[in-house]
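Chemist: Provided herewith is a single structure, encoded as structure tokens, for subsequent inquiry.
The values are calculated or read from the model by the stated rules, or taken from the named source; none is laboratory data. If you're wondering where the values come from, they're calculated on a predicted model, not measured in any experiment. Cβ atoms come from the backbone with ideal geometry, glycine included; neighbour counts cover every protein chain shown. The protein model used for the area step is the full one, side chains on, heavy atoms only, and it has no ligands, DNA or RNA in it. Shrake-Rupley method; radii C 1.70, N 1.55, O 1.52, S 1.80 Å.
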Amino acid sequence: MGRPTIADIARRAGVSKGAVSFALNGRPGVSEATRARILGVAEEMNWRPHSAARALGGARADAVGLVIARPARTIGVEPFFSQLLSGLQAVLSARAVALHLMVVEDTAAEIEVYRGWASEHRVDGFIVVDLQVKDPRLPVLDELGLPAVVLGGPGKGGNQLRIWADDREAMLSIVDYLAAIGHRRIAHLAGLPHFQHTQRRIRALRDASRRLGLEEAVSVPTDFSDAEGAAATRTLLSRARRPTAIVYDSDVMAVAGLGVAGEMGVAVPGELSIVSFDDSVLARIVHPPLTALSRDTFALGEQVARSLLAALDEAGPGRDLQMPTPRLTVRESTSPPGAVPAGPPEASSGASPAGPAGPVDASPAGPPSGSAAGSPAGSVAGSPGRVDAARIVDSGSEPV
């Protein structure tokens, strides 16, 4: 037997289809005894309301939508998204609200999914990630008129509620810490260049380099994958004057870079310090464990879900919400450049200059004494394995 209909229930209960409609929708027009009999039959037949019919009647879909325009293979190994989804589900499931998730290849496909889900009344609202420079999705969401929460930085454009953490301050904390322990050549393996958070991190490194008088600071965009992270690391480490520290925009890329360093015989942290912008279990179980920016991504997902549910409940006008800036947690993957790697704690002859593992406040007043200011930020010395500085992406103004 196919999906039971109102007509099927009416026949079994011995009533009209109108009576069934009144009973199922809680409307007056039938006696309580008839209502109870109809509801009992509907339960026996495992009847559930059709989503299109519910939409026509103005009922909620009891679902929200999340569309991610990144390569599916990359998403599958990204701890950030698994933690974010877990936090979303923890709150949504408690309210019996479903999460419709779709991974697509580009922004145009993402917009088409938004239009389709809205026209078919499949979702009551949207969660939007990876805020872009001059994001084309925001006017479309305004046009569709459904509540939306955007996970990304503050800025102009769109009427959506935004939840964000300060990527600029987070990057500055990394660069200040690395400069404080003596690093003068720092590379940054960034994410996709059209993302606002990528632009903010690139700009923060450039500004810190000028302030601290670094010899070199270069940002290389990638697609966040382990393959591109490994390839870019191999190119950087093949240079005649390679960086003494690399900052990765994801822990997946950082772990891939750690593997390349081992393959090339570059000691971490003795010859190369590694920092990850994400701090998952992955960053803590490798050897050496990675210095990383720590944040509660599960709690971030919970907050996004709560904010969207409040918007759906019309609990009041939404407001942008800034989450705590991720804190730098220092582990064994960083040390002063040229330092001899220490042995196990019990065999170490001295304290690590970086201090104990844990959150640190890395805010030096300026460059370490004796450092020499060299080429401008973003410049790259030529070598057979050079990274082209022209790949650095900077829109020149705060993205909107």
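Chemist: Among the residues of region 164-216, how many are closer than 21 Å to PRO269 by Cβ, open to solvent by 20 Å² or more (accessible area, probe 1.4 Å) and more than 24 Å from the chain's Cα centre (by Cα)?
Modeler: 6
Chemist: Return the total of residues in region 1-34 being under 23 Å from ARG60 (Cα atoms), open to solvent by less than 60 Å² (accessible area, probe 1.4 Å) and more than 48 Å from the chain's Cα centre (by Cα).
Modeler: So the count comes out to 2.
Chemist: Here is a further query. Out of the residues in region 223-264 meeting the condition of being among the hydroxyl-bearing types (Ser, Thr, Tyr), surrounded by fewer than 24 Cβ atoms within 10 Å (Cβ to Cβ) and assigned to a loop (DSSP other than H, G, I, E, B), tell me which one is farthest from the chain's Cα centre (by Cα).
Modeler: That would be SER238.
Chemist: Assess whether ARG54 counts as being basic (Lys, Arg), modelled with pLDDT under 90 and loosely packed, with under 13 Cβ neighbours inside 10 Å.
Modeler: no
Chemist: If I filter region 312-322 for residues that are among the charged types (D, E, K, R), in a helix (DSSP H, G or I) and either surrounded by fewer than 18 Cβ atoms within 10 Å (Cβ to Cβ) or modelled with pLDDT under 90 (or both), do I get at least one hit? Break it down stepwise before answering.
Modeler: We begin by selecting, within region 312-322, every residue among the charged types (D, E, K, R); these are 313-314, 319-320.
Remaining after also requiring in a helix (DSSP H, G or I): none.
No - not one qualifying residue is present in region 312-322.
Chemist: Here is a follow-up. Take the residues in region 106-129 that are in a loop (DSSP other than H, G, I, E, B) and either in contact with a Pro (Cβ under 7 Å, 6 or more places away or on another chain) or open to solvent by less than 20 Å² (accessible area, probe 1.4 Å) (or both), then tell me which one is farthest from PHE81 (Cα to Cα).
Modeler: Looking at the filtered set, the residue picked out is VAL123.
Chemist: Now a separate question. Confirm whether ILE174 is part of a strand (DSSP E or B) and farther than 30 Å from ARG137 by Cα.
Modeler: No: the conditions fail for ILE174.
Chemist: Name the residues in region 265-278 that are assigned to a loop (DSSP other than H, G, I, E, B), open to solvent by less than 20 Å² (accessible area, probe 1.4 Å) and under 16 Å from GLY338 (Cα atoms), would you?
Modeler: Listed by number, the residues that qualify are VAL266, PRO269, GLY270, LEU272.
Chemist: Cβ-Cβ below 8 Å, separation at least six or inter-chain, first residue in region 85-101 and open to solvent by less than 40 Å² (accessible area, probe 1.4 Å), second among the hydroxyl-bearing types (Ser, Thr, Tyr): which pairs?
Modeler: Cβ pairs passing all conditions: GLY87/THR297.
Chemist: So the check is Cβ under 9 Å with 6+ separation or different chains; which pairs have a first residue in region 214-229 that's free of Cβ contacts under 8 Å to residues at least 40 places away in the same chain and under 19 Å from ARG242 (Cβ atoms) and a second one that's among the small types (Gly, Ala, Ser) and in a strand (DSSP E or B)?
Modeler: Final answer for the pair search is THR222/ALA190.
Chemist: Sticking with this one: Please verify whether region 141-163 includes one or more residues that are assigned to a helix (DSSP H, G or I), open to solvent by 30 Å² or more (accessible area, probe 1.4 Å), hydrophobic (A, V, I, L, M, F, W, C) and touching a residue at least 40 places away in the same chain (Cβ under 8 Å).
Modeler: No: zero hits.
Chemist: If you scan region 35-47, which residues turn out to be in contact (Cβ under 8 Å) with a residue 40 or more places away in the chain and open to solvent by 60 Å² or more (accessible area, probe 1.4 Å)?
Modeler: ASN46
Chemist: Considering only residues that are of a type outside the set (Gly, Ala, Ser) and at pLDDT below 85, which ones fall in region 146-159? Break it down stepwise before answering.
Modeler: Filtering region 146-159 down to residues of a type outside the set (Gly, Ala, Ser) leaves 146-147, 149-151, 154, 156, 159.
Result: PRO154, LYS156, ASN159.
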